1. Which residues' amide hydrogens lie under 5 Å from the amide hydrogen of Val87, considering only partners 5 or more residues apart or on another chain, with H built in the peptide plane?
2. Across every pair of different alpha-carbon atoms, what Kirkwood hydrodynamic radius in Å does the chain reach?
3. Compute the angle between helix 213-224 and the longest alpha-carbon principal axis of the chain, please, reported from 0 to 90 degrees and rounded to the nearest 10.
4. From the gyration tensor of the Cα coordinates in segment 305-362, what semi-axes in whole Å does the equivalent ellipsoid have, largest first, with each one equal to sqrt(5λ)?
5. When the chain is modelled as a GNM with alpha-carbon springs shorter than 10 Å, which of Lys225, Lys345, Lys242 fluctuates the most?
6. Please report, as a whole percent, how much of the solvent-accessible surface of segment 303-367 comes from carbon and sulfur atoms (probe radius 1.4 Å).
7. Using alpha carbon centroids, what distance separates segment 210-280 and segment 282-316, in Å?
8. Going by alpha carbons, how many degrees (0 to 90, nearest 10) lie between the helix axis of 153-162 and the longest principal axis of the chain?
Amino acid sequence: MKIAIVCYPTFGGSGVVATELGLELAKRNHEVHFITYSQPVRLALLNPNIYYHEVNVPEYPLFHYQPYELALSSKLVDMVKLFKIDVLHVHYAIPHAYAGYMAKQMLKEQGIELPMITTLHGTDITLVGNHPNYKTAVSFSINHSDMVTSVSESLKQSTYDLFDINKKIHVIPNFIEVREVDQKNIECKRGAMALPNELIITHISNFRKVKRVEDVVRIFDGIQKQIPSKLMLVGDGPDKEKAERLALELGIYDKIIFFGNSNEIDRILAHSDLFLLPSQTESFGLAALEAMAMGVPVISSNTGGLPEVNVPGVSGYLSQVGDVEDMVSNSLKILKDPKVLQEFKKGAKEIAVRFKIDNVLPLYEDLYRKAIANK
C-alpha cells in the first residue's frame, strides 16, 4: 500500500507514535509518505520506502495567523496525485483531519477517492478539541473520516462524551518496540547518573501543568528521605522552572539531574529503577509504557488510559491524582527490597510485551485495507 501520514513532527507522543508506525510499515514494504511542516524528530530517511514532503506556509501580510491548514490540504492533494496514494492516515483531529477532509473534497472533484483514517491521541479531544472555538470543527472532522481510532478505551469514551459523534471508534493502543538491552554495553554508564548505592528514579514529559511535575519532585523527596536515590528529569516545558524552584526549597536540587529534551531516553531508562508519572490525565501513558518496556516499574495516577497500561501489583501501582503520600508509600513498597524490585521489573517487561508493535501494526494494516476496499 501507499500510505500518507500527517502528524506533528515534535517530541510529543502523537508524533513519535506516528513516526514509529510509518517506519514499521516501511519495513513491511509499504510505501510511506510523511507530510508535515518539518521532518519528524525520529524519522530516518535512509529507507527506500520512506518519503518526506515538507509543507511550506508562505507568509502574507493579509493574514494575522498564517493558514497552515490551507497549505497542508493543498500539499496533500498534490502528493496524492503525484504518488498515487492509497490511503491517508492523520494523527490529531485538529488541524490534520480538518485539512484531510478538504483535500478529500478537492480530490473527489477530480475523480479521486481518498480514504482517510483519523487517530485521536488525547489533547486533540480533551483540551484543544473541547474548546468552544474548535468543538464544531472537531466533531465534523471525526464524523467525516472514513475510519476513526483512539489510543485507549478511556479516550474513546471521552470522545463520545464530549462530542456528537456518529462514527464507530476503533481502539488501537499505542505500541513500543520491546528489545533486550545489554546494560553493560550501554554508552551512558550508570555512574554518570548516580553512585553505586543510589537508586535511580526517572520522569519524562513535556513539563506541562497536566504532568504535575511538582508532584514528581515531592514524591522523590519522600523516597530519598528513606532510600539513597537520584532523580532524572527528562524533557522541557513551562513547569520546568517550578520544579527547579521546588527542588531548591526542599534542599534536594543536588540530587536531581535536569536533562532537558534528550535523544538518549533508552540509555537513561536502562539504568532506572522506578518511573514516576503522576499526571492529571493521560489518554494512554506512552512514557509509562516505554519505561516498562525497559523493565522499569511505574508509579502513576489512575487517570485516563493509565489503568489500561500500568497493572497494580505487577508493573507498578496506581494512586489517586495528587495523592503524593500514597505514591511515596507505593514507591517504597517496590524499592525497599531488592528482590521485590526485581519482581516488579520483570512484571513491567511482561506487561509491556502485550503492546509490542508486532501485535499492534496488523490492526492498522487491516483498517487501511478495509478503508481502501470501501472507498
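The values are calculated or read from the model by the stated rules, or taken from the named source; none is laboratory data. Every value quoted in this text rests on a predicted model; they were computed, and no experiment measured them. Note that we place each Cβ from the backbone using ideal geometry, even for glycine, and neighbour counts take in every protein chain shown. Quick note on the areas: whole protein, heavy atoms, side chains included, nothing else; ligands and nucleic acids left out. Shrake-Rupley method; radii C 1.70, N 1.55, O 1.52, S 1.80 Å.
1. Answer set, sorted by chain and number: Lys2, Ala4.
2. After inverting the pairwise mean of 1/r, the radius is 21.7 Å.
3. Computed tilt is about 30 degrees.
4. Working from the Cα gyration tensor, I get semi-axes of 24, 16, 6 Å.
5. Result: Lys225 has the largest fluctuation of those listed.
6. Carbon with sulfur: 50 percent of the solvent-accessible area.
7. 17
8. With both axes taken from Cα atoms, the answer is about 60 degrees.
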